[in-house]
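**Q** Let me give you the structure first, and then I'll get to my questions.
The values are calculated or read from the model by the stated rules, or taken from the named source; none is laboratory data. Everything numeric here is computed off the predicted structure, so don't read it as measured data. Reconstructed Cβ throughout: ideal geometry from the backbone, glycine too, with neighbour counts over all protein chains shown. These area figures cover heavy atoms from the full protein model, side chains too; ligands, DNA and RNA do not enter into them. Shrake-Rupley method; radii C 1.70, N 1.55, O 1.52, S 1.80 Å.
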Amino acid sequence: MPSVTVVGAQWGDEGKAGIVDLLSEDADWVVRFQGGPNAGHTVVAGGETFKLHLTPSGIVRENGPRCLIAQGVVIDPEVLFGELDGLEERGVETTGRVLISDRAHFILPYHRALDGLRESSGDSKIGTTRRGIGPCYADKVSYRGIRVGDILDRDRFEARLEVELTHRNKLITEVYGGDPLDFGEMRDLFRAHAERLEPMIVDGTTTLLDALDDGDRVLHEGAQGFLLDNDCGTYPFVTGSNASTLGLPAGAGVPPNRIGHVIGIAKAYCTRVGDGPFPSEDSGPDGDRIRELGDEFGTTTGRPRRCGWFDAVAVRYAARTSGFDELAITKLDILSGLETLKFATSYECGDGTTSTTFPARIAHIETARPVYREFPGFSEDITGVRRFEDLPVAARDYMDALEAEVGVPVRIISVGPDRDQVIRRNDS
């Protein structure tokens, strides 16, 4: 099949980048279809760690695929250039390999300013990364956005920028009491950006459809996890885009029948960054141990992640809605040493009933209490295991039960951070 899609099945940070890096060995293209520099992706290859925010994770592969930042992504040029420069300094070739859709939207300095001011004001604080993501997507759907392709027409771009900045400065100063931003500084900054961006800008939709028509192998990469999807997630504690498979056609500019094989990524446990409900959160010693051993701190923000147990109710919801063909379970090795393993199979609701479906209303998610199924733990070091049959019996039993509960086959299991620390089952 020429097209494979990789999306997160939890609240992000599931290890999607590592799986994309693994699969990109056989890809001609890796396409990032949503999100912005609020998403941190970590790839470990040959003992080296690469932290990415906008560049598709296939970039780390030597002589690897071309990388397209598609129209559903919002782009901060300063973050992108810093990332590309850092990769080049470490010997990763990016010139000619990284392309940007002309339909993608710019994150502008006033987006970042408004994001930070709103969070600091306490006005409906939701724990954003303050990178300007939400304000940028809001401008996109309210017809006030500025797209990457616009920068190729300097006069038109600068006229639009001046109008939009005037409007935003009123919000910044009159609503939030902040300092206005200077148009001249912003204009000069983006004149410099235009020179570097121009060779990278393409008609992303045509480029991708031509590649698919030519039989190229395309790997689609989501940024955040399913439960942060703007429509399907724990709204309003979500991101500004559709982080599920449902967002791929619009975000990449391809029809639904070109999505291909869908792989959902989930940790063997669960984490969440920022505010919002988290039914299976463990605030005790097991949660602390998972955070420490799993190095559960945000790639983008450095914030400690909230940790808890695998939630089969949530992942089953993600699997059904996103159409997972298989699951990749990451960080199974982190559970080694725990006396008891468990995952949530249903929720006890506030009205005394039990539900196996994920609620839509935030009040119902906040009051849901997980019903756990428990398993004996294992203590062996599994980081060197490469065959499922060589895992400890307790680890195999846990994986088999999790697979049956979610209803999707587990065909990839990571047992360490490096790209070769992976178990592949049944010809994944």
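**Q** Yes or no: P376 within 28 Å of S57 (Cα to Cα) and open to solvent by 90 Å² or more (accessible area, probe 1.4 Å)?
**A** Here the answer is no, as P376 does not meet what is asked.
**Q** What number of residues in segment 54-86 are touching a Phe, Trp or Tyr at 6+ places or on another chain (Cβ under 7 Å) and farther than 29 Å from V141 by Cβ?
**A** Adding up the residues that qualify gives 3.
**Q** Within segment 343-358, which residues are open to solvent by less than 40 Å² (accessible area, probe 1.4 Å) and not small (G, A, S)?
**A** F343, T345, Y347, F358
**Q** What number of residues within segment 200-253 satisfy the criterion of being without any contact (Cβ under 8 Å) to a residue 60 or more places away in the chain and either within 17 Å of T5 (Cβ to Cβ) or part of a helix (DSSP H, G or I) (or both)?
**A** 6
**Q** So, one more: Condition first: assigned to a strand (DSSP E or B) and aliphatic (A, V, I, L, M). Now tell me which residues in segment 296-347 satisfy that.
**A** L327, A328, I329, L341, A344
**Q** Name the one entry in D115, D85 that is open to solvent by 10 Å² or more (accessible area, probe 1.4 Å), in contact with a helix residue (DSSP H, G or I) (Cβ under 6 Å, 6 or more places away or on another chain) and free of Cβ contacts under 8 Å to residues at least 40 places away in the same chain.
**A** Every option except D115 fails the conditions.
**Q** Determine which single condition A360 fails, assuming it passes every other condition in (1) within 26 Å of C232 (Cα to Cα); (2) touching an Asp or Glu at 6+ places or on another chain (Cβ under 8 Å); (3) of a type in the set (A, V, I, L, M); (4) in a loop (DSSP other than H, G, I, E, B).
**A** Against the list (1) within 26 Å of C232 (Cα to Cα); (2) touching an Asp or Glu at 6+ places or on another chain (Cβ under 8 Å); (3) of a type in the set (A, V, I, L, M); (4) in a loop (DSSP other than H, G, I, E, B), A360 comes up short only on (2).
Listed here are the residues, each with its yes/no results for (1) more than 28 Å from D418 (Cβ to Cβ); (2) modelled with pLDDT of 95 or more; (3) of a type in the set (A, V, I, L, M); (4) under 22 Å from the mean Cα position of the chain (by Cα).
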{"residue": "K51", "(1), (2), (3), (4)": "no, no, no, yes"}
{"residue": "C67", "(1), (2), (3), (4)": "no, yes, no, yes"}
{"residue": "H105", "(1), (2), (3), (4)": "yes, yes, no, yes"}
{"residue": "C136", "(1), (2), (3), (4)": "yes, yes, no, yes"}
{"residue": "G149", "(1), (2), (3), (4)": "yes, yes, no, no"}
{"residue": "F157", "(1), (2), (3), (4)": "yes, yes, no, no"}
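**Q** Can I ask one more? Name the residue that is modelled with the highest pLDDT, counting only residues in segment 118-128 that are assigned to a helix (DSSP H, G or I) and open to solvent by less than 80 Å² (accessible area, probe 1.4 Å).
**A** E119
**Q** Kindly indicate the residue of segment 94-112 that is open to solvent by less than 10 Å² (accessible area, probe 1.4 Å) and of a type outside the set (V, I, T) and also farthest from S24 (Cα to Cα) among those meeting that condition.
**A** Restricting to residues being open to solvent by less than 10 Å² (accessible area, probe 1.4 Å) and of a type outside the set (V, I, T), the top hit is Y110.
**Q** Out of segment 394-423, which residues are open to solvent by 50 Å² or more (accessible area, probe 1.4 Å) and at pLDDT below 95?
**A** Within segment 394-423, P417, R419, D420 qualify.
**Q** Now a separate question. Output the residue which, of all residues in segment 282-295 that are assigned to a loop (DSSP other than H, G, I, E, B) and open to solvent by 10 Å² or more (accessible area, probe 1.4 Å), is farthest from G40 (Cα to Cα). Step through it out loud before you land on a result.
**A** Taking segment 282-295 and keeping what is assigned to a loop (DSSP other than H, G, I, E, B), we get 282-284, 294-295.
Of the ones still in play, those that are also open to solvent by 10 Å² or more (accessible area, probe 1.4 Å) are 282-284, 295.
Numbers: D282: 23, S283: 24, G284: 26, D295: 14 Å.
Checked segment 282-295; the qualifying residue farthest from G40 (Cα to Cα) is G284.
**Q** Spot the failing condition for L161; the list is (1) in contact (Cβ under 8 Å) with a residue 12 or more places away in the chain; (2) not in a helix (DSSP H, G or I), and only one is missed.
**A** (2)
**Q** Let me ask something else. Give segment 368-407 a look and list any residue that's in a helix (DSSP H, G or I), over 29 Å from S355 (Cβ atoms) and of a type in the set (D, E), or say none.
**A** E389, D390
**Q** Now for a separate question. Out of (1) under 22 Å from A223 (Cα atoms); (2) in contact with a Leu (Cβ under 7 Å, 6 or more places away or on another chain); (3) of a type in the set (A, V, I, L, M, F, W, C), what's the single condition that is false for L108?
**A** It fails just one condition, (2).
**Q** Return the only residue of D214, D229, D275 being acidic (D, E), modelled with pLDDT of 95 or more and surrounded by fewer than 24 Cβ atoms within 10 Å (Cβ to Cβ).
**A** After ruling out the rest, the residue left standing is D214.
**Q** Also, quick follow-up: Which of the numbered conditions does T330 fail, given that it passes all the others? Conditions: (1) surrounded by 14 or more Cβ atoms within 10 Å (Cβ to Cβ); (2) modelled with pLDDT under 95.
**A** Tallying (1) surrounded by 14 or more Cβ atoms within 10 Å (Cβ to Cβ); (2) modelled with pLDDT under 95, T330 fails exactly one: (2).
**Q** If you don't mind, there's one more thing I want to ask. Just one of R131, R156, R144 is surrounded by fewer than 16 Cβ atoms within 10 Å (Cβ to Cβ), in a loop (DSSP other than H, G, I, E, B) and touching a helix residue (DSSP H, G or I) at 6+ places or on another chain (Cβ under 9 Å); which is it? Please lay out each step first, then the result.
**A** On the way: R131 fails: surrounded by fewer than 16 Cβ atoms within 10 Å (Cβ to Cβ); R156 fails: in a loop (DSSP other than H, G, I, E, B).
Result: R144 is the single residue among R131, R156, R144 that is surrounded by fewer than 16 Cβ atoms within 10 Å (Cβ to Cβ), in a loop (DSSP other than H, G, I, E, B) and touching a helix residue (DSSP H, G or I) at 6+ places or on another chain (Cβ under 9 Å).
Listed here are the residues, each with its yes/no results for (1) open to solvent by 50 Å² or more (accessible area, probe 1.4 Å); (2) over 30 Å from I259 (Cα atoms); (3) at pLDDT 95 or above; (4) among the polar types (S, T, N, Q).
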| site | (1), (2), (3), (4) |
| --- | --- |
| A314 | no, no, yes, no |
| E326 | no, no, yes, no |
| V371 | no, yes, yes, no |
| D381 | yes, yes, yes, no |
